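Notes to accompany the following structure.
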Amino acid sequence: MPGVLDGIRVIELATWGFIPSAGVALADWGAEVIKVEHPSHGDPMRGLVSGALTKAGQRPVSFMFQTFSRNKTSVGIDLTVVSGREALLKLVASADVFLTNYLTPVRRKLGVDVDDLLAVNPRLVYARGSGLGPQGEEADTGGFDLASYWSRGGVAYVSTPEDADFPPPMPGAAFGDLQAGMYAAGGVAAALFGRERTGAAQVVDVSLLGAAAWGTAPHIAASTLYDIDAMPRGDHYTAHNPISNTYRTKDDRFIAIVMLESDRFWRPLVELVGRPELASDPRFCDADARGRNCAECIAELDEIFARRTAQEWRELLSKQRGVWAVVQSPKETAVDPQVTGNGYVAPLDLGGDGSFAVSTPPVQFNGERPSPRPAPELGADTDQVLLDLGYDWDELLQMKVDGAIT
C-alpha cells in the first residue's frame, strides 16, 4: 500500500535537526524528500558524532544525521552560482512542498524567499521553521532548541526542582527539534489539504519557541490567571495524590503509578499489595484524608514498593486496572514489546557500519509502518535528479566545472 503522501515531492533546504526532522516524518509517510545541500560541506549535522561514544580504532557513525535524514535523497547545489539557483528553481517548479529553516536575510540573499518560489510554483506549500517565530523584533535571530525551546520557552523552568542549583539539561539531543519538527510535518499535511481544497499556495510557520509555548500551555494559562510563575509542581514527598507518584523498588528501579481517580483505585491497590488495613485507616480512607496526610501515606507506599523488585511489581500491578509503568531507559524502550509491536522503532541497516534502531513518526496511517533507508551520501543523487528534470550530461558537466553542483 502506498504511503499517505505518495506522489508528493518535498524540497528540503535545511540544516541541523528541527526542519530536517519534519522531512523525515514526511518521507516516512510516503513523500519523496530531496535534500538540497551545499556541494562542498553539506548539512553540518553530517559531521556531528559523539566522541564519548566512539571507541579507539572504530569508525564513528553519525547516528544523528541518520536519524534526521534517512529515507531522503541528496542533491548538492551551490545556490550562489547562477546555474545552481536555476536548478533549484526547476526542482521547486516540480515540487509540492518546500521546507527551510534559513532565516529571512539568507533566503532573500539566495533568492529563495516565499515570493521567489511562488513565482515559479503558484501552488507551492512553503514551510519555514525558526527559533523565535516569523514576527517581532527578533524574528531574524537564530535559535537552537536548548535556547529557544528548552530555556526561553519555559520548559527548563518547569522541569527544575525548587532547590536545584541549576536547571537540568535537556532530556536528550535535539529534544525540542523533534517535537517542533513533528508539528511542522503536521502543518505541511494540513496545508496540502488546504491547497487541494482551494488551489492556493500555503505558507506554514513553525518555531521552537511556539512549540514550547504549546507544550507548557497549562502552566501559561495558570500563570496568567493567578499571577504566578508556573503551576505548583510539588515533589515525591508532597504529592497531594500519593497514588499518582513514582516509587523506588527493591532493586533501585522506579515505578510510576498514575491513578487519578484515587478513591476508585486505593482500596484495590492496597488489598493487592497485602495491606488491606490501609483502605480503612482514617488517615487514608478517602482522597481528602490522603491529601491531608500525604507525607505519611507516601511513606507507607515507599516502604511497600521497596519490598519488591521491578519485575515483581510488573507481575503484580498487571493484575489490577490502574495505570502504571516502570521508568525505562531508552535502551529498554527500544526493545519494549509495545514499542516494537507497534513499529515505533525500526531497524536501520548501514551495512559495514552495523545497524541500529531509529524512531519512526508517532502518527501512523492505515496500519502502515515505514521501512527506513540509510541517509544518502552528500550529493549522491544529484545527477539522476537533474537528469529527470530534463538536463543533459553536457549541461551537468558544465555545471560541475562551474562549481554549481557536485
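The values are calculated or read from the model by the stated rules, or taken from the named source; none is laboratory data. What you see is a predicted model; the values in this text were computed from it and never measured. Note that each Cβ is placed from the backbone with ideal geometry, even for glycine, and that neighbours are counted across all protein chains shown. The area values use the complete protein model at the heavy-atom level, side chains included, leaving out ligands, DNA and RNA. Shrake-Rupley method; radii C 1.70, N 1.55, O 1.52, S 1.80 Å.
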request  = Rank by packing, highest mean first: peptides 366-374, 161-169, 39-47, 387-395, with packing defined as the count of other Cβ atoms within 10 Å averaged across residues.
outcome  = 39-47, 366-374, 387-395, 161-169
task = Return the Rg/Rh value of the stretch 249-290, two decimal places, where both radii are evaluated on C-alpha atoms and Rh is the Kirkwood radius.
result = 1.02
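Less than 13 Å Cβ to Cβ from Asp145, Lys/Arg counted +1 and Asp/Glu -1: what total charge do the surrounding residues give? It would help to have the intermediate numbers written out before the result.
Details: positive: Arg152; negative: Asp177.
Within the 13 Å Cβ shell, the charges total 0.
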Sequence of His219, His38 when ordered by accessible area, the most exposed leading, probe 1.4 angstrom = His38, His219
MRE, 222 nm, helices only [DSSP H, n ≥ 4, -39500 (n - 2.57), over the chain, to nearest 500] = -11000 deg cm²/dmol
note = Cα-based Rg and Dmax for the stretch 346-391, in Å, come out at 14.9, 39
ask   = Rg and Dmax of the stretch 129-263, Cα atoms, in Å?
value = 19.0, 62
query = Between Ala380 and residues 5 or more places away or on another chain, which pairs have amide H atoms under 5 Å apart, with H built 1.01 Å from N, and which residues are they?
reply = Ser74
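Can you give me the Kirkwood hydrodynamic radius for the chain, using every pair of distinct Cα atoms, in Å to one decimal?
Numbers: mean 1/r = 0.0411 Å⁻¹.
Hydrodynamic radius (Kirkwood, Cα only) of the chain equals 24.3 Å.
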note = Each label sits 7 Å from Cα toward the beta-carbon; between Val4 and His240 the label points are separated, in nm, by 3.7 nm
query = Which percent, nearest 5, of DSSP beta bridges in the chain are antiparallel?
reply = 40 percent
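Work through the residues other than Pro242 whose Cβ is under 10 Å from its Cβ and net out their charges, Lys, Arg +1 and Asp, Glu -1.
-2
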ask   = Relative to a virtual label point 7 Å from the Cα of Asp383 in the Cα→beta-carbon direction, which members of the stretch 77-99 show backbone nitrogen distances below 18 Å?
value = 77-78
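Quick one: length gained pulling Thr309 to Glu395 fully straight, 0.36 nm per residue minus the C-alpha distance?
Details: separation 86, 0.36 × 86 = 30.96 nm, distance 6.83 nm.
Roughly 24.1 nm would be gained on extension.
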note = Ranked by GNM mean-square fluctuation in the chain (Cα springs under 10 Å), the top entry among Asp28, Asp251, Asp349 is Asp251
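Can you give me the Rg/Rh ratio for the stretch 190-235, using Cα atoms for both radii and the Kirkwood formula for Rh? Walk me through the numbers on the way to the answer.
Numbers: Rg = 17.2 Å, Rh = 13.4 Å.
Radius of gyration relative to Kirkwood radius: 1.29.
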message = I want the local charge near Gly23. Using Cβ-Cβ distances under 14 Å, sum +1 for each Lys or Arg and -1 for each Asp or Glu among the other residues.
response = -1
request  = Pick out, from Ala375, Thr224, Leu350, the residue whose Cα sits farthest towards the positive end of the charge dipole of the chain, with +1 on the Cβ of Lys and Arg and -1 on the Cβ of Asp and Glu.
outcome  = Leu350
note = In the stretch 244-327 the accessible area split gives carbon plus sulfur, as whole percent at 1.4 Å, a share of 50 percent
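Only loop residues by DSSP count here, and only those with at most 16 other Cβ atoms within 10 Å; note down the GluC sites (Glu not before Pro) in the stretch 257-360 that meet that. Let's see the in-between values first.
Numbers: sites: Glu261, Glu271, Glu277, Glu296, Glu300, Glu303, Glu312, Glu315, Glu332; in loops: Glu261.
Here the GluC sites (Glu not before Pro) that fit, given the DSSP loop and packing criteria, are Glu261.
Kirkwood Rh and Cα-based Rg: tell me the resulting Rg over Rh for the stretch 244-327, rounded to two decimals.
Over the Cα atoms of the stretch 244-327, Rg/Rh equals 0.93.
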